[in-house]
């Protein structure tokens, strides 16, 4: 398996600029998620890596070998599409082995038999990787949607590609099934030692599956880092509000402390001063019964219970509305007065830019 390097990719369709110099590096054996809203260019980037589209500028390299001008069949790239796209008339085993070399009747019989045996062994190996050992004789219509996606992954892995591309492969699955299937897919990719790129607009999917999250906006990757770093230290307010929930408040910074409706809050990094915004995660907000001396207070306007936690909407005394994530929802009822505290440092972004 090999790593992937995409450098300065530019692509336009009919005068509309879709990619504006997108660059991405995925280390060998890593799973990267390209995360962005619909229309930001992420699927076009994937198609250029696969060779289905030709870039106007920039390069694509696999394992240190430039493949920008090569056709798809010479790039050693595996694809798992949005829907499994299995051949309905072929068994699971024949779907998985479709791209593997077959023995030819014009070759020697021993060579032909050896090739078939090797292909059959590889099919069984890949089915075992995706947790479907023994399913080779079944037909696609006999499988659940999640099983079909795992067969599609096995088919992509069978030829031992340099990189596996997953194009929003869980979109067609019921929400209750997505979490299970994506865990299975991640495990299978890791067991195979594959380098993989997942395209998604789902933040939870990207954060939970990937080793690296590349956030894409307007045809450019604006930040690429570990999921924890992208969540905790976004490069700008746009990333902060796109990756996970964020509470954004007007603020003035003195270079280490940001003053806002929640009081004077310690910034995650010093040295930035002036007018701007603080961004904090809902789980940083603490809610308690008012005490003396009091922190900023507000009234509970809504409680949304999710089992493991609750989202509590609070209308502050000056009319600003915030949304906190908290455990023990039974402690907070609509109409309760609460004081609002902040746990840990906050992010500050200047108003200009």
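Scanning the stretch 277-286 for any residue that is surrounded by 17 or more Cβ atoms within 10 Å (Cβ to Cβ), over 17 Å from residue 233 (Cα atoms) and assigned by TED's automatic domain parsing to the domain that holds residue 325 turns up at least one such residue. Evaluating residue 258 against the criteria (1) closer than 25 Å to residue 215 by Cα; (2) in a strand (DSSP E or B) leaves one unmet condition, (1). Counting only strands (runs of 3 or more DSSP E) that fall entirely inside the stretch 4-62 and contain at least 2 residues that are more than 21 Å from the chain's Cα centre (by Cα) and under 23 Å from residue 74 (Cβ atoms), the qualifying elements are 4-13, 57-62. Of the helices (runs of 4 or more DSSP H) entirely within the stretch 160-244, those holding at least 1 residues that are within 17 Å of residue 46 (Cβ to Cβ) and assigned by TED's automatic domain parsing to the domain that holds residue 49 occupy 175-192, 203-209.
Residue-wise test of (1) crowded, with 16+ Cβ neighbours inside 10 Å; (2) touching a residue at least 40 places away in the same chain (Cβ under 8 Å); (3) in contact with a strand residue (DSSP E or B) (Cβ under 8 Å, 6 or more places away or on another chain); (4) in the same structural domain as residue 264 (by TED's automatic domain parsing).
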site	(1), (2), (3), (4)
310	yes, no, yes, yes
319	no, no, no, yes
324	yes, yes, yes, yes
332	yes, yes, yes, yes
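The numbered conditions (1) under 12 Å from the mean Cα position of the chain (by Cα); (2) buried (at least 19 other Cβ atoms within 10 Å of the Cβ) are all true for residue 240 except (1). Flag: residue 94 matches the condition of being more than 21 Å from residue 170 (Cα to Cα) and modelled with pLDDT of 90 or more. Among the conditions (1) touching a helix residue (DSSP H, G or I) at 6+ places or on another chain (Cβ under 9 Å); (2) at pLDDT below 90; (3) buried (at least 18 other Cβ atoms within 10 Å of the Cβ), the only one that residue 101 does not satisfy is (3).
Looking at the structure I just gave you, is residue 151 touching a helix residue (DSSP H, G or I) at 6+ places or on another chain (Cβ under 9 Å), under 24 Å from residue 38 (Cα atoms) and either modelled with pLDDT of 90 or more or surrounded by 19 or more Cβ atoms within 10 Å (Cβ to Cβ) (or both)? So residue 151 fails the test.
More than 9 Å from the chain's Cα centre (by Cα) and free of Cβ contacts under 8 Å to residues at least 40 places away in the same chain: which single residue out of 182, 191 fits that description? Exactly one residue qualifies, and that residue is 182.
Apart from one condition, residue 264 fits all of (1) outside any helix (DSSP H, G or I); (2) within 22 Å of residue 352 (Cα to Cα); (3) in contact (Cβ under 8 Å) with a residue 12 or more places away in the chain; (4) over 13 Å from the mean Cα position of the chain (by Cα); the exception is (3).
Within the stretch 319-353, being more than 32 Å from the chain's Cα centre (by Cα) and farther than 28 Å from residue 269 by Cα holds for 319, 330, 331, 332, 333, 334, 335, 336, 337, 338.
The values are calculated or read from the model by the stated rules, or taken from the named source; none is laboratory data. Remember, it's a predicted structure, so these values are computed and weren't measured experimentally. Heads up, the Cβs are rebuilt from the backbone with ideal geometry, glycines too, and the neighbour counts pull from every protein chain shown.
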